[in-house]
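The values are calculated or read from the model by the stated rules, or taken from the named source; none is laboratory data. No experiment lies behind these values; they were computed from the predicted model shown. All Cβ positions, even for glycine, are placed from backbone atoms using ideal geometry, and neighbour counts span all protein chains on display.
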Ligand code: BJW
Ligand code: ZN
């Protein structure tokens, strides 16, 4: 796909970049998205499993879902989209990556300044005392894992109706409020407060680039919409940035 001149200019002019990613950026690694055409969770909607009521009603079922996803994560690798963002961070002076993903693939790709809005699936948290441990220490093996305090362990992610980890949204908000280029990559842009971040940038008149293989509620209002795979589009945008910032 040809990049428009105004898109190229917006990238070359950028000095403070904020990127929001969603499940779509990990799709090319083989991690299922939640929604959209390729979304694999048609049997169980995330709304039906990713909440405390579901966990209290059937903790085993919820753990089975997360264990299934943890098993997949041991077999997948970051893709060209993750890698392009990691390189971009290394080149740019001000670059903040905000992700809704819990898969840890951005870190594995080499990104360092990462704001994980919805936690991390590799962490266990005690439902009673809040103690956190790693999935490498204790995992689900048919029965719900418990804490030394007796409480049930749960995955260290943010479910519907739960607050985001303290300070995390504030940091993302600051990045969205101070950037001069915003990228929304592989997210259906329906889950709040994450979906408010590109809206904030748009309200300030900052260019917003959406990379998504499908239309989203954001598509109509963004400055540039690239209907492409993240793993194809991001390396191209990085190349434009590099050509404008080489000395
Ligand atoms: C590609 C691609 C490729 C594919 N290249 N693109 C009414 C109005 C407004 C808000 C609310 C409301 N009712 C309730 C709320 C609040 C609620 C909410 O937003 N609900 C809406 C759904 C309506 N939000 C919350 O509850 C949040 N907390 C909160 O608000 O706290 C305050 C509060 C407290 C108490 C009461 C009320 C409020 C918390 C949200 C937590 C979300 N958690 C999950 C699960 C995390 C753990 C886990 O992984 O299991 O987070 S849900 C799930 O959705 C996950 C994701 O991070 C999140 C977003 O999904 P994402 O990343 O956008 O993925 P998809 O699958 O939706 O989209 C993929 C996209 O990629 C598609 O568009 C594809 O086209 C595209 N694509 N391949 C490029 N190769
Ligand atoms: Zn405990």
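When the stretch 216-247 is examined, which residues are found to be in a helix (DSSP H, G or I), touching a strand residue (DSSP E or B) at 6+ places or on another chain (Cβ under 6 Å) and surrounded by fewer than 19 Cβ atoms within 10 Å (Cβ to Cβ)?
So in the stretch 216-247, the residues in a helix (DSSP H, G or I) come out as 230-244.
Among the residues that remain, those that are also touching a strand residue (DSSP E or B) at 6+ places or on another chain (Cβ under 6 Å) are: 230, 233.
Result: no residue meets the conditions.
Scanning the stretch 150-175 for residues that are touching a helix residue (DSSP H, G or I) at 6+ places or on another chain (Cβ under 7 Å) and either more than 16 Å from ligand 1 (Cβ to nearest atom) or modelled with pLDDT under 95 (or both) turns up just one, 152. For residue 171, the stated conditions do not hold, so it cannot be described as part of a loop (DSSP other than H, G, I, E, B), closer than 26 Å to residue 109 by Cα and within 16 Å of the chain's Cα centre (by Cα). Looking only at residues in the stretch 14-46 that are over 17 Å from the mean Cα position of the chain (by Cα) and at pLDDT 80 or above, the one that is surrounded by the most Cβ atoms within 10 Å (Cβ to Cβ) is 14. I'd like the full set of residues that are more than 30 Å from residue 95 (Cα to Cα), within 16 Å of ligand 2 (Cβ to nearest atom) and free of Cβ contacts under 8 Å to residues at least 60 places away in the same chain, limited to the stretch 128-144. Selection gives 128, 129, 130, 131, 137, 138. If only residues of the stretch 140-149 that are part of a loop (DSSP other than H, G, I, E, B) and touching a strand residue (DSSP E or B) at 6+ places or on another chain (Cβ under 9 Å) are counted, the one that is nearest to ligand 1 (Cβ to nearest atom) is 140.
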